[in-house]
Amino acid sequence: MSEEKAQIRESSDVQRTIAFSSTANLRTFPSRDPRASTAEPPPVAEGKEKAGANDDDTGKNVDITEHLMSLEQVCNKYSVQVSEARPQDSFGLSAEQAARVLAENGPNTLTPPKKKSALQKYLICLSSLFNLMLIASGILVYIVLAIDYKDNKANVYMGAILIGVAFLNAAIEWYQQRKSENTLAALLQMIPPKTHVIRERKLESIQSADVVVGDVLFLRMGDKIPADCYVFAGTDLKVDNSSLTGESEPQERGAGNTQRNPLEATNMAFNGTLAVSGNAYAIVVRTGDGTVLGQIAGMTAGEEKAESPMNHEISVFVRIIASVAMVTAVVFFIAGMCLYNDFAFSINFAIGTFVAFVPEGLPATVTMLLTIAAKRMAGENVLVKDLQGVETLGAITCLATDKTGTLTRNQMVVTNLWTNGTLYAATRAHGDAGEPIEDADAPGIRDILYSSTLCCSVKFDRTDVAMDKRQLLGDATESGLVRFAAARLPRDFDATQAEHKKVFEIPFNSANKWMLSVHQLAHAQGPLTLMMKGAPERVLRLCGSILLHGRAEPLTDAHRTEYEQMYRYMASRGHRVLAFAQL
């Protein structure tokens, strides 16, 4: 009947959810998605599979066979209890089972490449071409000193300087790498990846390293899949397998399979891939090095990293200088022998000529400049893992980076509402414009609170404590809306969800850009209420009326203009914008 609209802002430290509402009627009601069915999986096809990447050679080295099994067979194999009809009520593994399997198989992590000792790393830094050239020059200087000590006493200091510069240059580079590695290791320990699992009928958020075979995972859009798993129920789940198989298009995953190749099985999701839409429940069948990603990592462990542009240029420069110096030294040695027939004099002269070509100060200068740049970047909270990376940044033309949870904290709070043609401020803490919310039961505001409470997929680690003490397992945007609704609802949040049960849902996905759910919430026209939230422009297309003065009025061009103006205003402030609708 009516539609609300919401918006969210992200700041550099905390992403803030901003809800604003304008109401309108929905004119369409999507039908049930047939892919959400939990019917018995069809038999595996015996014939030829899809052409190209689908042939048996692709997965001949993969030891996964669970994709050919029924759900009952997989459950028996891993001693796990699941409910196909209501996967959210699955028992999963017990705490004792999970602890025992974790002790037997070890953590769900890939075995890191063999680490080099501090001495080995220092020797690698010392073995760069420039440093080797400096050391070779120092040794040659001492050879000249040995040939004629009386006339070459100064070479004692020259040789020490050349060799000392090489060792000092290597020490600076080694120290910077060592410090960056320690800092990075500390950061990785501070922010361990999390995964949602069901154990003893409780949905928990645990570290991905603690996932074991047999665990029941709850996968949702945006999750990085922590292990190879067997999908037994889901709604519109699509995974990005590009990092594993090279397929550019997201692949549908759900109950049932028609492929023999495990990499193409429609009921398998693999470690390292990304869920790009929908949600699903799956049983873990491989962890750690046993996953497909782990096997690939084992095969590529010996690969050497590419040389940085500056390292490449310096290597070419050193080779040219060394070649010219060597040729010149040989020429002068031959000339000395022809003119003076004095071997000691000629070799002394040739070595001196060779050393003269060596730019002793260049490597130290380059290292010091990169170190200064790394310190400046550290002052801006940028961690430089490798000194050469400082220069590499200057050689790139495009930098692609994840933002949410990386450059920001992935936390949001509601700051503004727009409904009934009025802008409200949900909080005064950040100086946001708008009138204060004095009556949470007012038309429009009440509708947004109910939509935020009911039309969401957020789950809790426990429900026997107050909302502010719970851990919310879900999208940051929905989490912000749920906390806002729980604080403002006139009645208890859990009681509201229990009374108005969800009877149908279409999860948010990147194609529709909206989420839809139907609830047992009676109104003047019937016992059910359809609620939707999503991108403002997508929701507006489905609406025919807007909530003004407490009632739904036909949506006119003037209303659309006001709607778009408020949308642009909030978006210009860096807010994330959502629209809400009801029918």
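Which condition number does residue 86 fail, the rest of (1) open to solvent by 90 Å² or more (accessible area, probe 1.4 Å); (2) in contact with a helix residue (DSSP H, G or I) (Cβ under 8 Å, 6 or more places away or on another chain) being met?
The single condition residue 86 does not satisfy is (2).
Can you pull out every residue in the range 526-546 that is more than 23 Å from residue 475 (Cβ to Cβ) and open to solvent by less than 10 Å² (accessible area, probe 1.4 Å)?
Scanning the range 526-546 gives 543, 545, 546.
Only residues that are in contact with a Pro (Cβ under 9 Å, 6 or more places away or on another chain) and more than 24 Å from residue 413 (Cβ to Cβ): list them for the range 548-583, please.
549, 550, 551, 564
Here are some conditions: (1) at positive phi; (2) open to solvent by 80 Å² or more (accessible area, probe 1.4 Å); (3) not aliphatic (A, V, I, L, M). Residue 106 meets all but one. Which one does it not meet?
Unmet for residue 106, out of (1) at positive phi; (2) open to solvent by 80 Å² or more (accessible area, probe 1.4 Å); (3) not aliphatic (A, V, I, L, M): (2).
How many residues does the range 552-583 contain that are touching a residue at least 24 places away in the same chain (Cβ under 8 Å) and assigned to a strand (DSSP E or B)?
9
Scan the range 369-383 and report the pairs whose first residue is more than 18 Å from residue 172 (Cβ to Cβ) and whose second residue is assigned to a helix (DSSP H, G or I) and not β-branched (Val, Ile, Thr), with Cβ atoms within less than 8 Å and a gap of 6+ or a chain change.
Pairs found: none.
Only residues that are within 28 Å of the chain's Cα centre (by Cα), within 19 Å of residue 290 (Cα to Cα) and basic (Lys, Arg): list them for the range 58-116, please.
The answer is 114, and nothing else.
If you check residue 81 against the conditions, is it in contact with a Ser or Thr (Cβ under 7 Å, 6 or more places away or on another chain), at pLDDT 90 or above and open to solvent by 90 Å² or more (accessible area, probe 1.4 Å)?
On the way: in contact with a Ser or Thr (Cβ under 7 Å, 6 or more places away or on another chain): yes; at pLDDT 90 or above: yes; open to solvent by 90 Å² or more (accessible area, probe 1.4 Å): yes.
Yes, satisfied.
Identify the residue in the range 273-291 that is touching a helix residue (DSSP H, G or I) at 6+ places or on another chain (Cβ under 7 Å) and open to solvent by 10 Å² or more (accessible area, probe 1.4 Å) and, among all such residues, is modelled with the lowest pLDDT.
289
Consider residue 523 against the criteria (1) within 34 Å of the chain's Cα centre (by Cα); (2) farther than 30 Å from residue 274 by Cβ; (3) surrounded by fewer than 13 Cβ atoms within 10 Å (Cβ to Cβ): it satisfies all of them except one. Which criterion is unmet?
(1)
Provide a single number: the residues in the range 207-234 that are assigned to a strand (DSSP E or B) and surrounded by fewer than 20 Cβ atoms within 10 Å (Cβ to Cβ).
So the count comes out to 2.
The values are calculated or read from the model by the stated rules, or taken from the named source; none is laboratory data. Just so we're clear, the structure is a prediction, and the values are computed from it rather than from any experiment. We place every Cβ from the backbone using ideal geometry, glycine too, and count neighbours over all the protein chains shown. Just the protein is used for accessible areas: all its heavy atoms, side chains included, with ligands, DNA and RNA removed. Shrake-Rupley method; radii C 1.70, N 1.55, O 1.52, S 1.80 Å.
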